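> Once you've had a glance at the structure underneath, I'll fire off some questions.
The values are calculated or read from the model by the stated rules, or taken from the named source; none is laboratory data. Since the model is a prediction, treat every value here as computed from it, not as a measurement. Don't worry about glycine lacking a Cβ; one is built from the backbone with ideal geometry, like all the others, and counts go over all protein chains shown.
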Amino acid sequence: MKQIIQDLKKGNTILEEVPTPLVKKGHVLIKTHRSLVSLGTEKMLVEFGKSSLISKARQQPERVREVLQKIKAEGLIPTLEAVFNKLEQPLPLGYCNVGVVVEVGEGVQGIKIGDRVASNGPHAEIVCVPQNLVAIIPQEVSDDEAAFTVIGSIGLQGIRLCNPTLGETIVVVGLGLIGLITAELLVANGCRVIGIDLDDRKLALAQTKGILTLNPRQDKVEESVLQLTSGMGSDGVIITASAKGDEIITQAARMSRKRGRIILVGVIGLNLSRADFYEKELSFQVSCSYGPGRYDENYEGRGIDYPLAFVRWTEKRNFETILETIRAGKLDVVSLITEKVPFYEYNRIYDNISGSGAIASLLEYPETVSRASKVEVHTASFSGDGAAIGIIGAGNFTKMSMLPALEKANAQLVYIASSSGVSGTALAKKHKIAISTTDYKDILRDQNVNAVMITTRHNMHARQVIESLEAGKHVFVEKPLAINLAELNQIMAAYQEQTKSLTVGFNRRFSPHADAIKKALGNDPGPMNIVATMNAGFIPESVWIHDMQVGGGRIIGEACHLIDLISFFAASRVKEVCMTAMGQQPGVATDNATLLLKYDNGTNATVHYFANGSKAYAKERVEIYSQNRTLILNNFIETTAFGVKGFKRLKTRLDKGHKEQFNRFVQHLQSGGEALIPFESILNTSEAAIAAVESLKEGRWIQIGS
């Protein structure tokens, strides 16, 4: 199937051939009939992509600060590589989709195959959308009209926040598509509406809908609003414009009455004048997209609705309201349609998106669509050396760390699987991977593939590891191996029945710094004291890694790296673990914790995993005290030794061992031999990380393997 994506690095808008997404639990699969091009949001993204690197930096000053901090902590070259890799990430365009349901996922209620629906799906021939972002279209509403559902909901949410009442005067600043819909909905609500814009064509269209209009080029806007309101000022101002300066927010405050409401739907400068807001006691609020539920994983991803009695208007209920308003004839969107373009001729819109003057452009999709879970990006060939690899997962780790290292190791990459097909296809093109698929079982079924590499979300690791082993593949899985003991036991049982190797991505032990320390300590170092600190950095609670059922928490998901590294240095196994946390209730995911580890050989280790430190400080540090020797590893850039004969200092570029790890993995596939990490060590580290969380819940030391 085809999908429109934006290349943020080169600025190209591309119609890409990608594999068809598979329907997921709580989602529906939709064959697209129409989609609406958002000439505001999409224009901004297209123009950003076409701008120079310096211009991109100027538009995102907060990102520049993050980059400077990263350079200070990790060095220039790794930071630049990360920035350019980020810009290469393809961006799907579009969020106003109309089509017919062709598949329904497990758990979906109220939607069936054959239903005509509106959703926030992208510009693609087939889309997979969560059920709470899908609304059934009334029979009386055409596909063309229904394409305005989602963008209309953006305006509607701004109105709900403004809370206008019958007879009030509301000013709408910016009469683009969202502004015109907002203004017309306000008229339907019994409000007197004043629209402000610089485009005479849009002003003329607004006048046909009963809207008073002002053009700042010709009219003194603030004075005119005061005159039209008998000197009182507007009851509310809804800003749907896009501008870089602060003039609009200043003007909005001055044209408002005392205790007026200002709602921001668009994007403008926000240097507020305290005096303007103080003297009138103005209220100001930013509207969040389609309404309550937006960006809430429980609502959008898991389909958990908000109770109607407590949250009357969710984003889905806003969708349904727009559709009903169109059906009732109270919202005329047909008059907003500037052009209708065949989907495959999309560039008629995008090549002139900055200067077309269009209000609403619709894409019309073909009747027949090619549905395939995989597409051949490059000609597939098999060298026969036993090292043909399929990758499951196309996220940041795959893109930033795994694929560059595998490419340098001359790995034979045959498949890459991603849920949407977009990211996987982009990586396949860049790294000469033969096939992009949305069904990872295509990899398992292919007898030519010898190894599977898994980089999906943590709750999927155990199942995919077991399936891959049962399919007779060597397996590499990015940490963690499992997020609970039940999964770990299932993996143990599956592994014992197979002859293939299983490797977990504990890459730190393959760093040249870890290698130098290991040589200094020897293979039987005896008891030692080790202190390891990870300055992990803050991640919002809404991110999936904090969900114990999905990510397992950051201790299981990332602190396991330090447990493995300590075990590597100690040449022993963890026998007991205890964890305490800062300000956390037992049983709640934490990322500010201290782990105490006791080893069979008498080693004592402390792991500090903190998320409340400065990003300007180095991320990782390990201190080892043993037999009158001290070794300090500083962020895998510098290692300093004291009391170690013949070794004082090692300094490199940031090297956490990814390159060496993947190089050895490819060699292992080609030549066989011992596993990169003994399976018993992998299990011990995995169990220790899981036991640490259990220790916090129960408030006691937990024995490992007992």
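> Out of segment 640-697, which residues are among the hydroxyl-bearing types (S, T, Y) and free of Cβ contacts under 8 Å to residues at least 12 places away in the same chain?
T640, S671, listed by residue number.
> Something else now. Could you please give the count of residues in segment 671-689 that are in a helix (DSSP H, G or I), closer than 27 Å to F636 by Cβ and out of contact with any strand residue (DSSP E or B) (no Cβ under 9 Å at 6 or more places or on another chain)?
So the answer is 3.
> Moving to a separate point now. Of the conditions (1) part of a strand (DSSP E or B); (2) in contact with a Lys or Arg (Cβ under 9 Å, 6 or more places away or on another chain); (3) under 30 Å from G107 (Cβ atoms), V129 clears all except one; give me its number.
(2)
> Among R457, R371, which is closer than 21 Å to I556 by Cβ, surrounded by fewer than 22 Cβ atoms within 10 Å (Cβ to Cβ) and charged (D, E, K, R)?
R457
> Checking the conditions here, which among E660, E638, E674, E680 is under 30 Å from A494 (Cα atoms), surrounded by fewer than 16 Cβ atoms within 10 Å (Cβ to Cβ) and touching a helix residue (DSSP H, G or I) at 6+ places or on another chain (Cβ under 9 Å)?
None of the other options fit; the residue is E674.
> While we're looking at this one, here's another question. Residues that are over 29 Å from F510 (Cβ atoms) and small (G, A, S): find the strands (runs of 3 or more DSSP E) completely inside segment 360-418 holding 1 or more of those.
Hits in segment 360-418: 360-364.
> Continuing with the same structure: Mind counting the residues in segment 425-442 that are touching a helix residue (DSSP H, G or I) at 6+ places or on another chain (Cβ under 8 Å), assigned to a helix (DSSP H, G or I) and not charged (D, E, K, R)?
So the count comes out to 2.
> Considering only segment 534-550, state which residues are of a type outside the set (D, E) and under 16 Å from H458 (Cα atoms).
S542, V543, W544, I545, H546, M548, Q549, V550
Results for (1) among the hydroxyl-bearing types (S, T, Y); (2) crowded, with 21+ Cβ neighbours inside 10 Å; (3) free of Cβ contacts under 8 Å to residues at least 60 places away in the same chain, shown as yes or no for each residue.
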| residue | (1), (2), (3) |
| --- | --- |
| A328 | no, no, yes |
| L331 | no, yes, no |
| I337 | no, no, no |
| P342 | no, no, yes |
| E345 | no, no, yes |
| I349 | no, yes, no |
| E367 | no, no, yes |
| I392 | no, yes, no |
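> Can you tell me how many residues within segment 300-342 are part of a helix (DSSP H, G or I) and small (G, A, S)?
Number of matching residues: 1.
> Within segment 397-417, count every residue that is surrounded by fewer than 21 Cβ atoms within 10 Å (Cβ to Cβ) and over 19 Å from the mean Cα position of the chain (by Cα).
6
> With respect to M453, is the statement that it is assigned by TED's automatic domain parsing to the domain that holds A486 and free of Cβ contacts under 8 Å to residues at least 24 places away in the same chain true?
Spelling it out, it is not the case that M453 is assigned by TED's automatic domain parsing to the domain that holds A486 and free of Cβ contacts under 8 Å to residues at least 24 places away in the same chain.
> For segment 178-190, what are the residues that are touching a helix residue (DSSP H, G or I) at 6+ places or on another chain (Cβ under 9 Å) and either of a type in the set (K, R) or in a loop (DSSP other than H, G, I, E, B) (or both)?
Result: N189, single match.
> Tell me the residue from I539, I517, I545 that is under 30 Å from E638 (Cα atoms), aliphatic (A, V, I, L, M) and buried (at least 23 other Cβ atoms within 10 Å of the Cβ), please.
I517
> Where residues in segment 232-271 are surrounded by fewer than 16 Cβ atoms within 10 Å (Cβ to Cβ) and part of a loop (DSSP other than H, G, I, E, B), which of them is modelled with the highest pLDDT?
In this case the residue turns out to be M232.
> Out of (1) at positive phi; (2) surrounded by fewer than 18 Cβ atoms within 10 Å (Cβ to Cβ); (3) outside the structural domain of T41 (by TED's automatic domain parsing), what's the single condition that is false for G291?
Going through (1) at positive phi; (2) surrounded by fewer than 18 Cβ atoms within 10 Å (Cβ to Cβ); (3) outside the structural domain of T41 (by TED's automatic domain parsing) one by one, G291 breaks only (2).
> Just to verify a result, which residue in segment 209-231, among those that are more than 42 Å from the chain's Cα centre (by Cα) and assigned to a helix (DSSP H, G or I), is surrounded by the most Cβ atoms within 10 Å (Cβ to Cβ)?
Once the filter is applied, the top-ranked residue is V225.
Residue-wise test of (1) modelled with pLDDT of 95 or more; (2) β-branched (V, I, T).
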residue	(1), (2)
K615	no, no
V622	yes, yes
R629	yes, no
I637	yes, yes
K656	yes, no
A675	no, no
E680	yes, no
L683	yes, no
A691	yes, no
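> Exactly one of these conditions fails for I555: (1) touching a Phe, Trp or Tyr at 6+ places or on another chain (Cβ under 9 Å); (2) over 30 Å from R302 (Cα atoms). Give me its number.
Unmet condition: (2).
> Within the set of pairs 6 or more residues apart or between chains, which connect a residue that is farther than 19 Å from H546 by Cβ inside segment 282-310 to a residue that is among the basic types (K, R) and modelled with pLDDT under 95 with Cβ atoms less than 8 Å apart?
So the pair list comes out as C288/R294.
> Test each condition in (1) modelled with pLDDT under 95; (2) at negative phi; (3) touching a Ser or Thr at 6+ places or on another chain (Cβ under 8 Å) for N318 and report the one that comes out false.
(1)
Conditions tested, residue by residue: (1) in contact with a helix residue (DSSP H, G or I) (Cβ under 8 Å, 6 or more places away or on another chain); (2) closer than 27 Å to E42 by Cβ; (3) not charged (D, E, K, R).
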| site | (1), (2), (3) |
| --- | --- |
| G303 | yes, no, yes |
| T314 | yes, yes, yes |
| L323 | yes, yes, yes |
| L336 | yes, yes, yes |
| N347 | no, yes, yes |
| N352 | no, yes, yes |
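> Can I ask one more? Working carefully through the options L156, L203, L175, L161, find the one that is more than 33 Å from the chain's Cα centre (by Cα) and either under 21 Å from V37 (Cβ atoms) or not in a loop (DSSP other than H, G, I, E, B) (or both).
L203
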